[in-house]
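Could you have a look at this structure, given as structure tokens, before my questions?
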């Protein structure tokens, strides 16, 4: 799950407060965040909640998020991996990278500013990355005196903007991140709102990953095990893997069988799409970074032409007829 939206909409503060209210912050991190928080921080003990995530010195100096901050959090019994993304336009590539690995998104909107262009850009990227569940957290409600009318106007604006995107669910939640209102605990000032808190939404959203039989394992690194055999490591992009499974390796489509399967350094019987794995094969095969392993009953298709939706980050316009280097599976 990721948080996204425009700069200064309160993404890092919201996730920091959520971690704090769920008692998911280690004492040493809490102590360090308090120690570095600015004098006007309003959190308990002078804590700026964003400092629980903004780890780079440049982030703290500028009061912005630059890199994506990943945190694991248990919310009402459900474990969530949260990616806190930067809001500045110049760091949109970081947000897109995080979105490519997420199942759901929290889109923050500053209740005073409404739906800004960078927020719209982030929502479009979520749609491109096939994220289907969106929680729109309309933040800083305390600064507009908890106005239901303003909340309703923003929900209408967002709904109109996103009506053509293929989101399965869009849930609107009024919040005030620094005070923890409607994150875990309900806000007495928002008695007119009867929907989910953010924590309730996180614990209830139903995520279904489409996992087909078209196995695709991208090789990123080749190593040697303790007994001298080769091991091939990389992300399992599609399908599933099992020990003893027959596969096809490399562009030459050599047949092989998986003899060992590791995930997170441990031997496992099976791995699913999204896992980072390492495998050993029953024969020596010359594979390197950029090669792949695929199913023996559903071979990869080869072509010199592709059709794709892309996100263009260069300042220069993309023009037809230009030649480009294409990087795929870690290789040019």
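From the set of residues in segment 182-195 that are in contact (Cβ under 8 Å) with a residue 60 or more places away in the chain and assigned to a loop (DSSP other than H, G, I, E, B), which is nearest to residue 169 (Cα to Cα)?
183
Within segment 116-147, work out how many residues are over 13 Å from the mean Cα position of the chain (by Cα), farther than 22 Å from residue 200 by Cβ and in a loop (DSSP other than H, G, I, E, B).
3
Tell me whether segment 126-134 contains one or more residues that are at pLDDT 90 or above, in contact with a strand residue (DSSP E or B) (Cβ under 8 Å, 6 or more places away or on another chain) and within 18 Å of residue 16 (Cβ to Cβ).
So far as segment 126-134 goes, no, none of its residues is at pLDDT 90 or above, in contact with a strand residue (DSSP E or B) (Cβ under 8 Å, 6 or more places away or on another chain) and within 18 Å of residue 16 (Cβ to Cβ).
Can you tell me which residue in segment 253-268 is nearest to residue 214 (Cα to Cα), limited to those that are in contact with a strand residue (DSSP E or B) (Cβ under 8 Å, 6 or more places away or on another chain) and assigned to a loop (DSSP other than H, G, I, E, B)?
Residue satisfying both the conditions and the ranking: 268.
Would you mention how many residues in segment 95-115 are more than 18 Å from residue 205 (Cβ to Cβ), modelled with pLDDT of 95 or more and surrounded by 17 or more Cβ atoms within 10 Å (Cβ to Cβ)?
Of the residues in segment 95-115, 4 are more than 18 Å from residue 205 (Cβ to Cβ), modelled with pLDDT of 95 or more and surrounded by 17 or more Cβ atoms within 10 Å (Cβ to Cβ).
Which is more than 30 Å from residue 17 (Cβ to Cβ) and out of contact with any helix residue (DSSP H, G or I) (no Cβ under 6 Å at 6 or more places or on another chain), of 175, 207, 222?
The match here is 222.
From the list 187, 156, 89, which one is surrounded by fewer than 16 Cβ atoms within 10 Å (Cβ to Cβ), modelled with pLDDT under 95 and assigned by TED's automatic domain parsing to the domain that holds residue 12?
89
What is the one condition in (1) more than 16 Å from residue 13 (Cβ to Cβ); (2) in a loop (DSSP other than H, G, I, E, B) that residue 179 does not satisfy?
(1) is the only condition that residue 179 fails.
Another one. Quick check on my filter: what residues within segment 20-63 are modelled with pLDDT of 85 or more, surrounded by fewer than 24 Cβ atoms within 10 Å (Cβ to Cβ) and within 23 Å of residue 80 (Cα to Cα)?
20, 21, 22, 23, 24, 25, 26, 27, 28, 29, 30, 48
Now, a different point. Name every residue in segment 216-252 that is loosely packed, with under 14 Cβ neighbours inside 10 Å, at pLDDT 90 or above and assigned to a loop (DSSP other than H, G, I, E, B), in order of residue number.
244
Still on this structure: Could you check, for segment 294-305, whether at least one of its residues is in contact with a strand residue (DSSP E or B) (Cβ under 7 Å, 6 or more places away or on another chain) and at pLDDT 85 or above?
Checked against the condition, which is being in contact with a strand residue (DSSP E or B) (Cβ under 7 Å, 6 or more places away or on another chain) and at pLDDT 85 or above, segment 294-305 yields at least one hit.
So, residue 83, is that one touching a helix residue (DSSP H, G or I) at 6+ places or on another chain (Cβ under 9 Å), within 23 Å of residue 190 (Cβ to Cβ) and crowded, with 21+ Cβ neighbours inside 10 Å or not?
So residue 83 fails the test.
The values are calculated or read from the model by the stated rules, or taken from the named source; none is laboratory data. Please read all numbers here as calculations on a predicted model, not as lab measurements. For neighbour counting, all protein chains shown are included, and Cβ atoms are generated from backbone atoms with ideal geometry for every residue, glycine included.
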